[in-house]
Amino acid sequence: MADASAGGGCAPQDYPTIDPTSFDVVLCGTGLPESVLAAACAAAGKTVLHVDPNPFYGSLFSSLPLPSLPSFLSPSPSDDPVPSPSADTSAAASDAAIDLRRRNLYSEVETSGAVPEPSRRFTVDLVGPRLLYCADEAVDLLLRSGGSHHVEFKSVEGGTLLYWDGDLYPVPDSRQAIFKDTTLQLKEKNLLFRFFKLVQAHIAASAAAGEGEASGKLSDEDLDLPFIEFLKKQNLSPKMRAVVLYAIAMADYDQDGVDSCERLLTTREGVKTIALYSSSIGRFANAEGAFIYPMYGHGELPQAFCRCAAVKGALYVLRMPATALLVDEEKKRYVGLRLASGQDILCQQLILDPSYEIPSLDMPCNAPVLNLPRKVARGICIISSSVKQDSSNVLVVFPPKSLEEEQVTAVQVLQLSSNLAVCPPGMFMAYLSTPCTDAFTGKKCINKAIDVLFSAKDSNDLEDHLEKNSEENKESVKPTLFWSCLYVQEIIQGTSGTALLCPIPDENLDYRSILESTKKLFTDICPNEEFLPRNSAPKYASDDDSDSAETRHCS
C-alpha cells in the first residue's frame with residue numbers, strides 16, 4: 001500500500017506520483033461503504049484506486065484516539081486542502097476542474113468533565129453505539145471476502161437491559177430467559193413464550209416453503225399489519241410489547257402513535273429482525289447472546305475490507321487529499337479527480353464518502369439528490385463501573401416515553417469494557433444515540449438517559465474510584481461519569497450517478513441499511529457481477545472447515 005508522507009498542508013512535490021493515471025474505479029474516503037465497494041470492485045476484476053486525506057482508515061466510520069476526537073468533530077478551515085492551481089497533462093483538454101468541498105456533518109458539540117490519563121488509551125468510535133448480529137450480512141461479508149482474518153470480536157455477554165417504570169430489566173429473549181425472569185407474572189411468561197413460538201413456526205415454515213403458502217406461516221394480512229397491532233392481537237402487556245419492539249426488533253420511533261409515527265414497523269419487518277436475532281444466538285460456540293463487537297473498535301472493519309481489496313490489486317494512498325472533480329464538459333459527466341499533488345486521475349466511476357459535496361451538473365442522474373432533514377444525537381461517556389454487575393459489555397434500551405412523556409424515539413446505550421481494548425482496565429466506555437429532528441430534543445433525551453444511568457463525578461472520584469468500588473457498594477451505587485461528549489450528526493442519503501455518494505453512519509444499531517445501500521451502488525457499477533462472491537476470499541494457510549473459520553474470530 002502506498003502512503004503519502006504528509007497531510008493536506010504539503011507542497012505538491014511532497015506527494016507520491018500515482019502510476020497508472022487511469023482506473024476503472026476511484027474512491028475517495030475509506031469508510032465502511034467505500035471499503036466494501038473497493039473490495040467488491042477489485043474482486044469483480046476492476047482496477048481500483050482508493051485514496052484518503054487522513055493518515056488512518058475509516059473516514060466517518062473510524063475509531064480514533066480520544067485526543068483526536070475534537071478536531072474530527074469540529075475541523076478548522078485550515079484542515080481543508082488548498083486547490084492546486086497546476087495539474088499534469090493526463091486529463092483530456094475537454095475536462096474541467098470543479099473545486100471539491102467538504103461539509104461538516106457534526107454540530108452542537110458539547111464536552112464536560114475531565115478525561116482520565118493517559119487519554120490516548122481510550123479509543124472512540126464515530127459510529128457508536130453500533131453492534132453486529134452474529135448472523136447478519138456484515139459478518140457473512142467478512143467471512144466471504146477473507147476480511148474475518150483481520151478482525152477479532154468479543155460478544156456482548158451482558159445481554160440487553162430495558163428501562164421500564166424507573167428500573168432496568170433484563171430482556172427475556174429466549175425460552176430459558178423467559179422462565180428465569182422473576183419480574184414477569186406467569187401469564188406474561190406464557191403469552192410471551194406463545195408469541196415467540198408462533199414467530200419461530202412462521203420462520204421455519206417460510207424457510208421450508210419460500211414465499212408460497214405453508215402451514216405455520218402468518219397470513220399476509222397479519223404480516224402487513226403495523227407490528228404493534230399484531231402484538232396487541234397476541235395480548236402482550238405494554239412492557240412485553242416494549243421488549244419485542246424496542247429491544248429485539250430495534251424500532252427507533254414510538255410505535256404507539258400509528259398515525260404520527262415517523263417510521264412505523266410492519267409485522268413483516270419485525271419478524272425479519274426477530275429471525276435475525278434468533279439465528280444469531282448460538283451461531284458461534286464461544287459467543288454469548290446475539291451481538292458481537294470488534295476488538296479495538298469499528299474502525300477495524302473498513303481496514304479489513306481495504307486489506308481484501310489490496311490483495312485483489314487495489315492501490316491505496318493515505319494522506320492524499322482530493323482537491324477537485326474532473327468533468328467532461330461535452331458529455332456532462334464526472335471523469336476523475338485532481339489530487340493535492342496536482343496530478344489528475346481519470347476513471348470510469350468515481351465514488352466519494354458522504355462528507356464531500358458533489359456539485360450538480362446539468363445532466364440526468366439515476367437518482368435525485370435528497371438531503372432529508374434527518375439527524376441523530378450521539379453521546380460518548382467514560383464511566384467508572386458497569387451498569388450491570390459482573391458484566392463487561394451491555395446494551396441498554398430506553399423505549400419512547402420511558403424518560404419523559406414527550407420522548408418519541410428510543411435511546412440506545414452500549415457499554416464497553418477494557419476487554420475490547422478500547423479503554424484502560426477499571427474504566428468503561430458508553431455510547432448513546434437517538435434519532436431527532438432538532439439538536440435540542442435529541443441532546444435532551446441523551447442527557448436524561450445519562451442522568452438515569454450515571455452519577456456525577458465528585459472531586460476525588462477520579463483518583464480513588466478503584467478503591468471505593470468495593471464489594472459492598474457495587475450493587476447499589478451507579479457508575480460515576482468522568483467525561484462526556486454530546487454532538488449531533490446529519491444523516492445524508494447516498495446518491496447514484498456519474499459520481500456516487502456513499503451512505504453515512506445512520507441512526508441504526510447495525511449495518512443492515514448501510515450495506516443494502518452499498519450493494520445497490522455496486523449494482524450501478526457492476527450490473528452483471530456478484531457482490532463479493534465467496535470465491536473472492538484469498539486462501540490462507542490456516543484455513544480449515546467453515547465452522548471453525550467462523551468461530552475462531554469471536555471470543
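The values are calculated or read from the model by the stated rules, or taken from the named source; none is laboratory data. These numbers come from a predicted model, not from an experiment. Positions of Cβ are generated from backbone atoms using ideal geometry, with glycine treated the same way; all protein chains shown enter the neighbour counts. These accessible areas exclude ligands, DNA and RNA; they are computed on the full protein's heavy atoms, side chains included. Shrake-Rupley method; radii C 1.70, N 1.55, O 1.52, S 1.80 Å.
Annotations
- Tally of residues being part of a loop (DSSP other than H, G, I, E, B) and open to solvent by 60 Å² or more (accessible area, probe 1.4 Å) across the stretch 257-281: 5
- One residue stands out among those in the stretch 172-192 that are touching a Leu at 6+ places or on another chain (Cβ under 9 Å) and not in a loop (DSSP other than H, G, I, E, B): the one that is farthest from Ala275 (Cα to Cα), which is Glu188.
- All positions within the stretch 419-440 that are in a helix (DSSP H, G or I) and free of Cβ contacts under 8 Å to residues at least 24 places away in the same chain: Phe440
Residues checked against (1) modelled with pLDDT of 90 or more; (2) in a loop (DSSP other than H, G, I, E, B); (3) over 27 Å from the mean Cα position of the chain (by Cα):
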site: Val82; (1), (2), (3): no, yes, yes
site: Ala93; (1), (2), (3): no, yes, yes
site: Val109; (1), (2), (3): yes, no, no
site: Arg120; (1), (2), (3): yes, no, no
site: Val124; (1), (2), (3): yes, no, no
site: Val127; (1), (2), (3): yes, yes, no
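- Residue ID - least open to solvent (accessible area, probe 1.4 Å), chosen from residues in the stretch 446-501 that are at pLDDT below 85 and aliphatic (A, V, I, L, M): Ile492
- Answer residue from the stretch 308-341, given it is of a type in the set (A, V, I, L, M) and out of contact with any Leu (no Cβ under 8 Å at 6 or more places or on another chain) and is farthest from Gly45 (Cα to Cα) among those: Ala340
- When the residues of the stretch 511-529 are filtered to those that are touching a residue at least 24 places away in the same chain (Cβ under 8 Å) and open to solvent by 10 Å² or more (accessible area, probe 1.4 Å), the one that is farthest from the chain's Cα centre (by Cα) is Glu529.
For (1) part of a helix (DSSP H, G or I); (2) among the charged types (D, E, K, R); (3) under 18 Å from the mean Cα position of the chain (by Cα), each residue gets a yes or a no:
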position	(1), (2), (3)
His149	yes, no, no
Glu157	no, yes, no
Tyr163	no, no, no
Tyr169	no, no, no
Arg194	yes, yes, no
Val199	yes, no, no
Ser215	no, no, no
Asp222	yes, yes, no
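- So Leu142, is it in contact with a His (Cβ under 9 Å, 6 or more places away or on another chain) and either assigned to a loop (DSSP other than H, G, I, E, B) or closer than 30 Å to Ala421 by Cβ (or both): yes
- One residue stands out among those in the stretch 246-274 that are in contact (Cβ under 8 Å) with a residue 60 or more places away in the chain and within 20 Å of the chain's Cα centre (by Cα): the one that is farthest from Ala377 (Cα to Cα), which is Ile274.
- Odd one out for Phe23, checked against (1) closer than 27 Å to Asn508 by Cβ; (2) in contact with a Leu (Cβ under 8 Å, 6 or more places away or on another chain); (3) modelled with pLDDT of 95 or more: (1)
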